[in-house]
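Asker: I have a structure here, written as structure tokens, and I will follow up with some questions on it.
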Amino acid sequence: MGLRTVENPPNPWGGPDVDYLGEPPTAKLQVFEDHSRSIVSKNDSPDLSFDYSVNPYRGCMHACAYCYARPTHTFLDLGAGTDFERKIVVKPRAPALLRAVFDKPSWQGELVLFSGVTDCYQPLEASYRVTRACMEVCADYRNPVGIITKAPLIERDIDVLKRLSERARLSISVSIPIWDRDAARVVEPGVATPQRRIETVRRLAAAGLTVGVAVAPIIPGLADADIPSILQAAADAGASVATPIMLRLPGVVADVFASRLRDGLPLRAERVLSRQRDIRGGQLNDARWERRMVGSGPHAEAILRLFRASAQRVGLRCGGTLPPAPTTFERPPRAGDQLGLAL
């Protein structure tokens with residue numbers, strides 16, 4: 001894979017985009033460059049509405065305790081706890097690799113999701129601008145895109161995103177799983193406040209972009225009661241769609257989540273873990289297809305009923321990324337290409 005440490009990584013808080021980033025972390029940050037020769041991942045999960053994804057980074061400075069992607073760091077011989085949050089891998093060649101994929105005759109212009117196992121607009125993006133460059137490639141090729149993020153930094157790229165949306169289908173989902181600021185700070189300490197993320201929804205919608213909100217994950221016993229407030233605020237801000245995803249805690253994620261919950265919210269921790277077992281058949285996780293995203297049992301069903309009723313009340317469509325449609329994909333002309341004859 002070709003990982004190498006960046007001895008003096010750029011400081012995201014030292015540039016012009018600092019207003020989007022919030023407070024810098026206290027723990028030391030290490031950055032590694034990944035010089036792999038592939039960038040597009042193929043998804044084979046029947047639970048997801050996309051087939052291809054691009055992850056410009058590995059690991060995530062947002063440090064969400066519940067992040068299902070934490071175990072991917074173990075494939076790098078790194079830890080799924082603090083390592084996942086502070087030892088970040090950047091893929092500087094991602095835009096060039098994406099362009100190469102789009103140039104292959106086999107590529108048919110399928111929707112590409114940013115991202116599956118990281119946040120493509122986490123703080124390091126302020127310095128590296130890898131995601132922005134990838135969006136420019138997608139705009140050049142008119143390739144459909146879906147974006148999932150928690151980061152106000154996406155506002156920096158409204159100009160590129162508007163260009164992309166004029167050429168291809170673009171859907172943006174801003175993740176807001178908790179409405180209470182204090183609770184959010186415990187379980188997602190590196191993320192802007194929920195209210196600041198609603199402002200991001202507002203600014204994206206005001207720019208004419210298709211934007212929704214993902215209550216992802218819904219944390220039973222902690223934030224399921226927040227659903228009506230989140231969806232009302234999202235609708236008021238101009239969101240058009242709302243997506244629910246129940247909390248899942250695969251592998252070591254359960255330990256990270258439980259530990260941080262007990263440290264930060266000791267009076268609520270056991271109730272939350274008990275409710276999580278209620279929706280996961282007595283365990284903290286259920287990895288079965290068609291169950292892992294929605295849960296099971298009466299409590300899970302009640303939460304999803306609340307979600308659907310709240311979305312309907314404020315006029316939000318329940319769903320995820322854009323449904324399949326004819327692609328707009330088109331390779332741009334290159335120097336030396338023969339021009340068509342005008343009739």
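Asker: Specify the residue that is surrounded by the most Cβ atoms within 10 Å (Cβ to Cβ); the eligible residues are those in region 237-283 that are within 30 Å of residue 171 (Cβ to Cβ) and without any contact (Cβ under 8 Å) to a residue 40 or more places away in the chain.
Answerer: 280
Asker: So which of 21, 78 ends up being over 29 Å from residue 215 (Cβ atoms) and crowded, with 17+ Cβ neighbours inside 10 Å?
Answerer: Unique residue meeting the criteria: 78.
Asker: Further question: Restricting attention to region 129-175, which residues are of a type in the set (Asp, Glu), in contact (Cβ under 8 Å) with a residue 40 or more places away in the chain and more than 17 Å from residue 111 (Cα to Cα)? Quick ask: steps written out before the conclusion?
Answerer: Here is the first cut: in region 129-175, the residues of a type in the set (Asp, Glu) are 136, 140, 155, 157, 159, 166.
Filter again for in contact (Cβ under 8 Å) with a residue 40 or more places away in the chain, leaving 136, 140, 155.
Residue satisfying the conditions is 155 alone.
Asker: From the set of residues in region 123-151 that are β-branched (Val, Ile, Thr) and in a helix (DSSP H, G or I), which is farthest from residue 217 (Cα to Cα)?
Answerer: The qualifying residue farthest from residue 217 (Cα to Cα) is 137.
Asker: Moving on. Going residue by residue through region 55-72, is there one that turns out to be crowded, with 22+ Cβ neighbours inside 10 Å, part of a helix (DSSP H, G or I), more than 16 Å from the chain's Cα centre (by Cα) and on the phi < 0 side of the Ramachandran plot?
Answerer: Scanning region 55-72, I find no residue that is crowded, with 22+ Cβ neighbours inside 10 Å, part of a helix (DSSP H, G or I), more than 16 Å from the chain's Cα centre (by Cα) and on the phi < 0 side of the Ramachandran plot, so the answer is no.
Asker: Would you pick out the residues in region 77-110 that are in contact (Cβ under 8 Å) with a residue 12 or more places away in the chain, over 24 Å from residue 189 (Cα atoms) and either touching a Phe, Trp or Tyr at 6+ places or on another chain (Cβ under 6 Å) or in a helix (DSSP H, G or I) (or both)?
Answerer: Result: 94, 95, 97, 98, 99, 101, 102, 103, 109, 110.
Asker: Could you grab the pairs with beta carbons closer than 8 Å, sequence gap of 6+ or different chains, first residue in region 195-208 and touching a residue at least 12 places away in the same chain (Cβ under 8 Å), second one surrounded by fewer than 17 Cβ atoms within 10 Å (Cβ to Cβ) and assigned to a helix (DSSP H, G or I)?
Answerer: Going by the 8 Å Cβ cut-off, the qualifying pairs are 195/181; 203/158; 204/158; 207/158; 207/162; 208/162.
Asker: A further question follows. Return only the number of the condition from (1) of a type outside the set (A, V, I, L, M); (2) assigned to a loop (DSSP other than H, G, I, E, B); (3) modelled with pLDDT of 95 or more; (4) in contact with a Phe, Trp or Tyr (Cβ under 6 Å, 6 or more places away or on another chain) that residue 46 does not satisfy.
Answerer: So residue 46 meets the others, but not (3).
Asker: Further question on the same structure: Is it true that residue 281 is at pLDDT below 95, over 27 Å from residue 84 (Cα atoms) and either within 23 Å of the chain's Cα centre (by Cα) or assigned to a loop (DSSP other than H, G, I, E, B) (or both)?
Answerer: Numbers: at pLDDT below 95: yes; over 27 Å from residue 84 (Cα atoms): yes; either within 23 Å of the chain's Cα centre (by Cα) or assigned to a loop (DSSP other than H, G, I, E, B) (or both): yes.
Yes, satisfied.
Asker: Kindly evaluate residue 273 against the criterion of being farther than 30 Å from residue 167 by Cα and in a loop (DSSP other than H, G, I, E, B).
Answerer: When the stated conditions are applied, residue 273 does not pass them.
Asker: Does residue 150 qualify as being under 13 Å from the mean Cα position of the chain (by Cα) and at pLDDT 95 or above? Break it down into steps so the answer makes sense when it comes.
Answerer: Numbers: under 13 Å from the mean Cα position of the chain (by Cα): yes; at pLDDT 95 or above: yes.
When the stated conditions are applied, residue 150 passes them.
Asker: On to the next question. Return the residues of region 284-331 that are loosely packed, with under 12 Cβ neighbours inside 10 Å, modelled with pLDDT of 85 or more and part of a loop (DSSP other than H, G, I, E, B); say none if nothing qualifies.
Answerer: Result: 315, single match.
Asker: Taking the criterion of being surrounded by fewer than 24 Cβ atoms within 10 Å (Cβ to Cβ), in contact (Cβ under 8 Å) with a residue 40 or more places away in the chain, closer than 30 Å to residue 331 by Cβ and out of contact with any strand residue (DSSP E or B) (no Cβ under 8 Å at 6 or more places or on another chain), would at least one residue in region 185-193 satisfy it?
Answerer: no
Asker: Ok, one more. One residue is enough: does region 31-43 have a residue meeting the conditions free of Cβ contacts under 8 Å to residues at least 40 places away in the same chain, assigned to a loop (DSSP other than H, G, I, E, B) and crowded, with 18+ Cβ neighbours inside 10 Å?
Answerer: no
Asker: Another question, then. Confirm whether residue 203 is surrounded by 22 or more Cβ atoms within 10 Å (Cβ to Cβ), closer than 29 Å to residue 314 by Cα, among the charged types (D, E, K, R) and within 20 Å of the chain's Cα centre (by Cα).
Answerer: So residue 203 does not fit the description; no.
The values are calculated or read from the model by the stated rules, or taken from the named source; none is laboratory data. This is a predicted model, so every value here is computed, not measured. Methodologically, a virtual Cβ is constructed for each residue, glycine included, from the backbone with ideal geometry; neighbour enumeration extends over all protein chains shown.
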